[in-house]
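One structure is given here, and the rest of the page talks about it.
The values are calculated or read from the model by the stated rules, or taken from the named source; none is laboratory data. Note that the structure is predicted; figures quoted are calculated from it, not measured. Cβ: placed from backbone, ideal geometry, glycine included. Neighbour counts: every protein chain shown.
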Amino acid sequence: MLTEAKVKEWLDEVKDPEIPVLSLVDLGVITNIDIQDEGIKVAMTPTFVGCPAIDYMKNDIVEVLKKHGVSEVEVDVNFEQSWNSNKITEKGRKALKNFGLAPPPKHDLIIDLDILEHIQCPNCGSTNTDLRSPFGPTACRSIHHCYDCKETFEQFKPL
Amino acid sequence: MINQEALKELLYKMADDQLILGHRNSEWTGFGPLLEEDIAFSSMAQDKVGQSQALYQLLYDLGESDPDTVAFMRNADQFHNSRLVELPNGEYDFSLVRHFLFDTAEALRFEMLTSSSYPPLAQLATKIKGELRYHTMHANIWIKQLGSATDESVSRLQHSLNELIPYALGIFEPSPHEDQIITEGIFQGEELLKDQWLDAVTQLISKTSLELPDITLINPVFGGRIGEHTMHLQPLLDEMSEVFKIDPTADW
């Protein structure tokens, strides 16, 4: 008997193509799993509306589920349950940090400069840091500098 | 039953604004005055083009052509963007002031749209609103810093502000369906948006050495919403759609 938990376990193999240590489940973008007689319908929502990785993620979901013997897979991308960075799981946050990306601080859905100014450095743990640019190499990252270890680092930015 | 014509008109003008300014932002890629600004304008370009695609998708769901066709196959007189967004980038001060004036309005517009009576638009607005926080944050930081820095930075921004304010007022060109849009709860209307925008702009400018021109004495530059554009839009569209027109199936 196929369960949602089992499908989630399989989907844990599907990683964010730009952050290969983070699964889509831990990223929090899988919003629904509907197991039907003839196949599985997965609903997902993008982190950023213009995220160019969405089509890759859709294809990866189909590929992984088919590998596990699911004959029909449908992936629906919608905005019914809007993503925000609070949806990244604890496991996902640890994976980001180990990857060298500061995880986004939990927030009350109102992002302002205050919560971006002293992000904890993923290299040395210091909060003696500042925001260099709210925009980084991908739509979901910002650039920061640590005054203690003198490293420039990126953050998966809160949204 | 929502008035479809009114809804489509609203969606087209918002999507076209995002697409055209997104394209202008992308023209800064490789030309930014410093690396971080190069990345910032490129990132905002990516966000805006993505947002326009999502808005065109809503139009597709309402029976219009698919997003690529709508984006690449129309001529200038079929676009509903405000003239503000089609103006060439000029120097950095000009692009920065336009970015500030436009994104302040856009952030407020999408905030208002989170309570739209058309659920797909309300859902999308909730998403876009969060992304635009970073755009307004970026604009505000630079306007505050350069608006009170040196004589040259202040005079450059002031000059661009004076030039751009009439175009910025053109964002709020009323729709022929304004009454239905408001009474049906699709959107609270351009006039209310303009008031909120003016408050926000006035507040930020008051923290700098810049002076906001008296907008009651200014004639807004209208026309964009009904397809009447400057000479600058068609060349932009020609460049943007060049690859698509050679090979609509091209992928890269």
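Any idea which residue in region A:68-92 is nearest to the other protein chains (Cβ to nearest Cβ), counting only those that are assigned to a strand (DSSP E or B) and over 16 Å from the mean Cα position of the chain (by Cα)? The residue in question is A:D76.
Within region B:25-42, identify whether any single residue is surrounded by fewer than 22 Cβ atoms within 10 Å (Cβ to Cβ), away from chain A (no Cβ under 12 Å) and under 18 Å from the mean Cα position of the chain (by Cα), and answer yes or no. Yes, region B:25-42 contains at least one residue that is surrounded by fewer than 22 Cβ atoms within 10 Å (Cβ to Cβ), away from chain A (no Cβ under 12 Å) and under 18 Å from the mean Cα position of the chain (by Cα). Residues in region A:48-67 that are part of a loop (DSSP other than H, G, I, E, B) and either farther than 15 Å from A:L24 by Cβ or facing another protein chain (nearest Cβ under 9 Å) (or both): A:F48, A:V49, A:G50, A:C51, A:P52. Exactly one residue out of A:A102, A:A139 is buried (at least 21 other Cβ atoms within 10 Å of the Cβ), farther than 23 Å from B:A107 by Cβ and either aliphatic (A, V, I, L, M) or in contact with a Lys or Arg (Cβ under 9 Å, 6 or more places away or on another chain) (or both): that is A:A102. Residue count for region B:109-135, restricted to those that are more than 9 Å from chain A (Cβ to nearest Cβ) and among the β-branched types (V, I, T): 1. Screening B:T216, B:T230 for residues that are under 27 Å from B:H159 (Cα atoms) and within 19 Å of the chain's Cα centre (by Cα) leaves exactly one candidate, B:T230.
Of the candidates B:D103, B:D17, B:D47, the single residue that is acidic (D, E), away from chain A (no Cβ under 14 Å) and part of a helix (DSSP H, G or I) is B:D17.
Scanning for something more than 26 Å from A:K157 (Cα to Cα) and not small (G, A, S), does region B:45-52 turn up at least one residue? No, every residue in region B:45-52 fails to be more than 26 Å from A:K157 (Cα to Cα) and not small (G, A, S).
Scan region A:102-113 and tell me whether some residue there is part of a helix (DSSP H, G or I), away from chain B (no Cβ under 14 Å), under 16 Å from the mean Cα position of the chain (by Cα) and over 24 Å from A:W10 (Cβ atoms). The answer is no; no qualifying residue exists. Total residues in region B:50-76 satisfying the condition of being in a helix (DSSP H, G or I), away from every other protein chain (no Cβ under 14 Å) and either exposed (fewer than 15 other Cβ atoms within 10 Å of the Cβ) or not aromatic (F, W, Y) (or both): the figure is 4.
Scanning region A:15-47 for residues that are more than 17 Å from B:Q123 (Cβ to Cβ) and in a loop (DSSP other than H, G, I, E, B), we see that the one that is farthest from the other protein chains (Cβ to nearest Cβ) is A:D37.
The lone criterion from (1) at pLDDT below 95; (2) in contact with a helix residue (DSSP H, G or I) (Cβ under 8 Å, 6 or more places away or on another chain) left unmet by B:G130 is number (2).
Those residues that are within 11 Å of chain B (Cβ to nearest Cβ) and assigned to a loop (DSSP other than H, G, I, E, B), I need them from region A:129-159; list them, please. A:P134, A:F135, A:G136, A:P137, A:T138, A:A139, A:C140, A:K157, A:P158, A:L159 - these are the residues of region A:129-159 that are within 11 Å of chain B (Cβ to nearest Cβ) and assigned to a loop (DSSP other than H, G, I, E, B).
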